[in-house]
Structure formats: C-alpha cells, structure tokens
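Please read the structure below before turning to the comments.
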Amino acid sequence: MRRLVSDTLVIAERNLVRLPRAPDLLLAFTVQPIMFVLLFVYVFGGAINTPGYDYVDFLIPGIIVQNIAFGGFVTALGLNEDLHKGLIDRFRSLPMARPAVLAGRTLADVVTNTLSVCVLVVTGLIIGFSFGTSAGEILAGFGILLLFGYAFSWVFALLGLLVNSPESANSLGFIAVFPLTFISSAFVPVASMPSALRWFADINPFTIVVDAMRSLWLGAPAGNSVWGAVAWSVGIIAVFAPLAVARYRRAAGGR
Amino acid sequence: MTTNVQDPAMRSGPPPTTPDSDDATIRVRGVVKSFGDVRALDGVDLEAASGTVLGLLGPNGAGKTTAVRVLTTLLKPDAGEIHVAGLDAVRDAARLRERIGLAGQYAAVDENLTGAENLTMVGRLYGMPRSQAKQRAGELLERFDLADAGGRPARGYSGGMRRRLDLAAALVARPPVLFLDEPTTGLDPRSRLALWETIEGLVADGTTVLLTTQYLDEADRLADRIAVIDHGKVIADGTSDELKDRVGGERLEIKLSDGAQAAAVGELLAPMAAEPPFTEDGVVKLAVRQRTGAIVEAVRRLDEAGVGIEDLGLKRPTLDDVFLTLTGHAAEASDDSENGKEERR
C-alpha cells in the first residue's frame, strides 16, 4: 500500500513536470475554456432566456462542469502515447504497484483540473458572475467538480488504453461526451427542449451535476442533485477504474 | 497442454525454486503462447548460463518479441516453465521484476522529461529514495556519455542517445539479467558499434544478456550461444561455430574469367566435392570433402584444363547460410542477399 502511494506520486509528478513542456496542452487548459465562456456569454447569451438568472450566472456552473469532464482527455492522450512508445511496457517490467500508472495519471488530472476551474471562475467573476451562497457551499461545489472530473479521468483512462491512436481517442471522446454535455442543463434550461431530449436531459448525469453546482454556488433549489452528483461520480469511478486497471494489466499484450 | 520440445531429455530434473543471489541464469522449457489462432511461441526451450549472452535470432514475426515479453513478465505463457535468475516468471513475477532490466525495440523514454528525470523516475519506481535515484541517474548518464545532455528533454536526443538512455534506464537497479529486444534496429553503424561495445562491457561485468536480433552479424559478434527461431519454434541452437558446422564444412568459391565455363568446371572439380557443385552469380561453389590441399588441388585441376581463374578461396558458412539452410528462406528478404538469392536445397 505504501508502495502504491509512493509510485502513484512519482507518476503524478512525471505527468505534471512534462506539462509545461507541452505548451499546446497548457493552452487547452487555460485559453480554450476562456474562449468558450466568452463566446457563449456574448454570442448566445442574449438569445438564451434563463428565468431567474443572468445568463453569465447560469452559464458559469454549466460550462465549468463541461470543461472538467473534458479535463481527463489528457489522460486518454497521455496513456495512448505511453502505450505506443513502449513506456507502458517499461512500467510493467518494473517492480512497481500495478495500478500506480493509472492512479498517478488521474491524480495529475486533479491538479490540472483545479488550475482550469480557477481560471474559469476568475474569468466568470471578471465578466459579472457572482456567488450567491456561503463559503462552505462554494467549497463543496469545488469538491464536487473535482470529484466529477476525477471520475471522467477514469473513463478517459480506459478509452486511451482501448483505442489505437490518439486521434481515435480524440474523436471517440468527443462523440461520447459532447452530446452528453449539450443535452443537459449546462447551457440552456432543460424546459426549453423538445420532450424526447428533455426526458434524456433529466436523467443525464451532467444535468444532475450542473444542478448541484447551481444550488451550491447560486442557491438554486437543490432537490437531490448534490447527493446525485456524488453518487454518479462514485459510481463512474467504481465501474471504470477497475475496467481501466484490468485493461492496463493486459495492455499491449497482443504485440 | 502438450508442448513441442525438441529434446525431451533436457526436461529432466526439477527447476530450482529458491532464488540465489548469484543466480543469473535463464531456463525456459516448452513455452507456448497463442494469440487467437496464432501460436506466437510453439514450445520454446532456451538456456543461458550466468554471465553469457544468448542471441535470439530470427526474422520479423518469428516470435522473438513475444519471447522477451513472456520472459520479462509482460505476458503470461499458456504453458511451459520459465526460470530467470532462479525465480519463476509466473509465480514470482513481482520479485523477478526487481532482478531484470528491459530495453525495448522502440526506445521507451519519456520525450518530455530530461535524461536525468527519466532515469530518476525509473529509480524511484524501483523503490529507491529520491536522493539515491538521482545519484544513480548521474552515474548512468556519465557512463553512457549523456552527462552533458542529461538536463535536456529527451525529445531532442538523437536515435543513438535515446537507445543509450533506454539501456541506462534498464540498468538503474543493476539487474543481473538483461533483456534487449532488437537493441540496434534502426541505428547508424557507428552508434551500433558503440552499443555493442557497451553490451560487451556489461557482460564482462557478469550480466546475463538475452538479446533478440534480426542481424546475423550482431548475433555472431555478441552471442555466446544463438537460438534460431522461426514461426515460434527454436529450430536450432548452439554456438555460432556449431551452427555453421551444421550447414556443412568449408566451401570453395571460384570466380572464373569466363563464366560460360562454369558447367565444365563443375565437372572437373566434382571428385573433390562433398555435394554436387553449383553456380551462383558466375561463382562456382562447392563444399569440399577435405580442407587440406583443396585450394592447391583445385588450382592444379583448373590450370591443367586451361581454365582462367579470377579469384578463388575457401569460405566458412555465414549465419546467413545457416538461416537459409534451416528455414528455407533468407533472414532478411530485402538486403543481405549475397548468399540468399537461390534456394540451395
């Protein structure tokens, strides 16, 4: 167990140390989300009716949830690259704890996710977003975001180990996650959608997490969304982490 | 599961189960590994004594890489026994990983980390404290002539530097047994020679090395024993000389001034030949019955018949010949074809 912790930290450190040397990734964490916030607020914002809230208040929790779900993309790309460059073989030939490569990879995502959440919140505050709740609730909101992002890192870990190339990880990831984030309460009120989409949006975990964020940061009625968000996150980890680790053990076994 | 073993007598005697710190042997018996319908390893036996180099020679797709992956615990065999450094590769996989080093076909280094960071990371994953891992990284960078480049990301390294870094990473924990999967594939001749010298140095220090290669000269130079592998089976093994002897004795090669006389020359020299002489690229080749006096006798016979000779010599068979004779196809289809243009049997 001590070995698992120390090996995980070594791998997490490796993934963070290399980050500033890949400037395109760093842009993906910072500039790209800012761009989306500005486009949504100033291009769509005037046309979208969000009863009870300014659009910027409505949007920030939603877009942060979308953004954090994609934060794990680095894991898919990174693991896929490691697999094809033979680094996974090297790691698997070392006397290290087996899950550490994945645990360290996803732990590094938590750090980069924290960075990009802070960038987005600051951007939001500058363009008029304001919190409507207590410090404790705001912090709880950060906690839920990071937990949900961590859960998606495991989804992307499995994806990165399954696909043949970073390109297919990219397109599969987008095809899977993009509609999920859009058919949710992230960008528009669910009530404005056609009934079939509304049915899907209501059970979509993204809606549940976004609603939880709005209750924790804006004071919107919570319902069961906060616990629902935690349950979804834990559930996703419980399913995808063992699948990813099992895949890792057999990784590249076909060559 | 039934396994295909060439020499059943070799299987006798129980394998050692207790690891001995001096034990750096490799013992493989009847290993089978299939992927779907494909038998990548079809009953492989291998043996390497401590401090020796075992060369695994074969063309692409012969099963060399699969063998290395099974021996380094990356893959579980379907059947058979593997003991490396006194440890069972299946039951004691975790402990075995502490005693082996692996350098792959593609240099497995993190391009975005510096040389020093790469080696330090590997050291820490072997369980060394950070300071010790750093110190060991420094030693290895020095030894592999990478001290100046150690602070730069590996992305900017040349192919030879990456291979050296990869090999250094495999040596971080001073493993008694080292696995090198095609260590010089894709390297320029100078880097290749330098890497050979490094490997020879490691062996001189007592490391056991299993090396796969598709280069015959590489196996010839480095390996104490060579196992020729094709279609997942070891089709021959022995020292380089033993393998060459299996192909037959020495061969007289005569280049004629007038290629049209080849058939006549074949008849003239037939009494000296162990097998019927044949002609390849205008050169008459024959396996001689007796080495002593062969050249003199050939010159005398040809001179008496008034045949002009441009060049004449006794050649030992090369490993190319070995490969061709054993498998019926050349080791490399595209180049190195000087001995491989015709089927000889």
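Could the peptides B:278-285, A:155-162 be put in order, highest first, of the mean number of other beta-carbon atoms found within 10 Å of their residues?
Packing proxy ranking, top to bottom: A:155-162, B:278-285.
Calculate the mean, over all residues of peptide A:13-26, of how many other protein chain Cβ atoms lie within 10 angstrom of the residue's Cβ.
For peptide A:13-26, the averaged partner shielding equals 3.
Measuring from label point to label point, each 7 Å out along Cα→Cβ, what is the B:Ala79 to B:Asp37 span in nm?
2.0 nm
For the range A:116-127, take each phi angle, set θ = phi - 60°, evaluate the Karplus expression 6.51 cos²θ - 1.76 cosθ + 1.60, and give the result in whole Hz per residue in order, putting x for glycine and proline.
Once rounded to whole Hz, the list reads 6, 4, 4, 4, 5, 5, 4, 4, x, 4, 5, 9.
Let me know the mean shielding of A:81-92 by other chains, meaning the per-residue number of their Cβ atoms within 10 Å of its Cβ.
Working: counts 3, 2, 0, 1, 7, 10, 8, 2, 10, 16, 4, 7.
That works out to 6 on average.
Considering only the other residues whose Cβ falls under 9 Å of the Cβ of B:Glu250, what net charge follows from Lys and Arg at +1 and Asp and Glu at -1?
+4
For A:Val239 and B:Glu297, what is the calculated FRET efficiency with R₀ set at 60 Å and r taken between the beta-carbons, to the nearest 0.05?
0.15
If the viscosity is 0.692 mPa s and the temperature 37 °C, what translational diffusion coefficient in µm²/s does Stokes-Einstein give for the range B:183-228 when Rh comes from Kirkwood over Cα pairs?
297 µm²/s
Mean separation of Cα pairs under 8 Å and 6+ residues apart, divided by the residue count of chain B: what relative contact order is that in percent? Display every interim value, and only then the final one.
Details: 654 pairs, mean separation 61.0, N = 345.
With pairs under 8 Å counted, the relative contact order is 18 percent.
Would you mind classifying the range B:209-320 by shape? Square roots of the alpha carbon gyration tensor eigenvalues, ordered a ≥ b ≥ c; an a/c under 1.5 is rounded, otherwise it is prolate if a/b is larger than b/c and oblate if not.
Prolate shape, in that a/c is at least 1.5 and a/b is the bigger ratio.
Go through B:Tyr157, A:Gly223, A:Ile208 and say which Cα lies farthest out towards the positive end of the charge dipole of the protein assembly as shown; charges sit on Cβ, +1 for Lys and Arg, -1 for Asp and Glu.
Result: A:Gly223.
Using only alpha-carbon positions, what ratio does the radius of gyration of the range A:100-255 give when scaled by 2.2 N^0.38 Å?
1.14
Counting only residues 5 or more places away or on other chains, whose amide H sits under 5 Å from the amide H of B:Arg39 once H atoms are built in the peptide plane?
Long-range HN contacts for B:Arg39: none found.
Counting only other residues whose beta carbon sits under 14 Å from that of A:Thr50, what net charge do I get with K and R as +1, D and E as -1?
Counting the neighbours of A:Thr50, the net charge comes to -2.
Need one number: nm distance between label points at B:Glu304 and B:Arg155, each 7 Å from Cα along Cα→Cβ, rounded to one decimal.
7.6 nm
Counting only C-alpha contacts under 8 Å and six or more residues apart, can you give the relative contact order of the range B:24-91 as a whole percent?
Numbers: 114 pairs, mean separation 28.0, N = 68.
Relative contact order of the range B:24-91: 41 percent.
Only four residue types carry charge here, +1 at the Cβ of Lys and Arg and -1 at the Cβ of Asp and Glu. Report the dipole size of the range B:249-316 about the Cα centre in Debye, rounded to the nearest 20.
Computed charge dipole of the range B:249-316: roughly 320 debye.
What dipole magnitude, in Debye to the nearest 20, does chain B give about its Cα centre under +1 on Lys/Arg Cβ and -1 on Asp/Glu Cβ? Let's see the in-between values first.
Values: 42 positive and 56 negative charges, 270 e Å.
Here the size comes out at about 1300 debye.
Using label points projected 7 Å from each Cα along Cα→Cβ, tell me how many nm separate B:Leu312 and A:Ala47, to one decimal.
9.4 nm
What size of dipole, in debye to the nearest 20, comes out for the protein assembly as shown about its Cα centre when the only charges are +1 on Lys and Arg C-beta atoms and -1 on Asp and Glu C-beta atoms?
Around 2140 debye, computed over the protein assembly as shown.
With a 10 Å radius around each residue's Cβ, average the other Cβ atoms per peptide and rank B:210-223, B:261-274, B:132-145, highest first. Before the final figure, lay out the partial values.
On the way: B:210-223: 22.4, B:261-274: 15.9, B:132-145: 18.1.
Packing proxy ranking, top to bottom: B:210-223, B:132-145, B:261-274.
So what's the Cα pair-distance distribution over chain B, bin width 20 Å, in %?
So the P(r) values, bin by bin, are 27, 47, 22, 4.
If r is the Cβ-Cβ distance from B:Arg95 to A:Val122 and R0 is 51 Å, what FRET efficiency results, to the nearest 0.05?
Calculated transfer efficiency: 0.50.
Excluding residues on the same chain fewer than 8 positions from A:Lys85, give the lysines whose Cα lies under 30 Å from its Cα.
B:Lys33, B:Lys64, B:Lys76, B:Lys134, B:Lys233
Let me confirm one metric for peptide B:98-105, namely the mean number of other chain beta-carbon atoms within 10 Å of its residues' beta-carbons. Don't skip to the answer; put the middle values down first.
Details: counts 2, 1, 3, 3, 6, 3, 6, 3.
The per-residue average across the peptide is 3.
For the protein assembly as shown, divide the Cα radius of gyration by the Kirkwood radius and give the resulting Rg/Rh value with two decimals.
1.14
Rule-based calculations on the coordinates, nothing more; no lab input. Because the structure is predicted, anything quoted here is derived from the model rather than measured. Please note: Cβ atoms are built from the backbone with ideal geometry, for glycine as well, and neighbour counts cover all protein chains shown.
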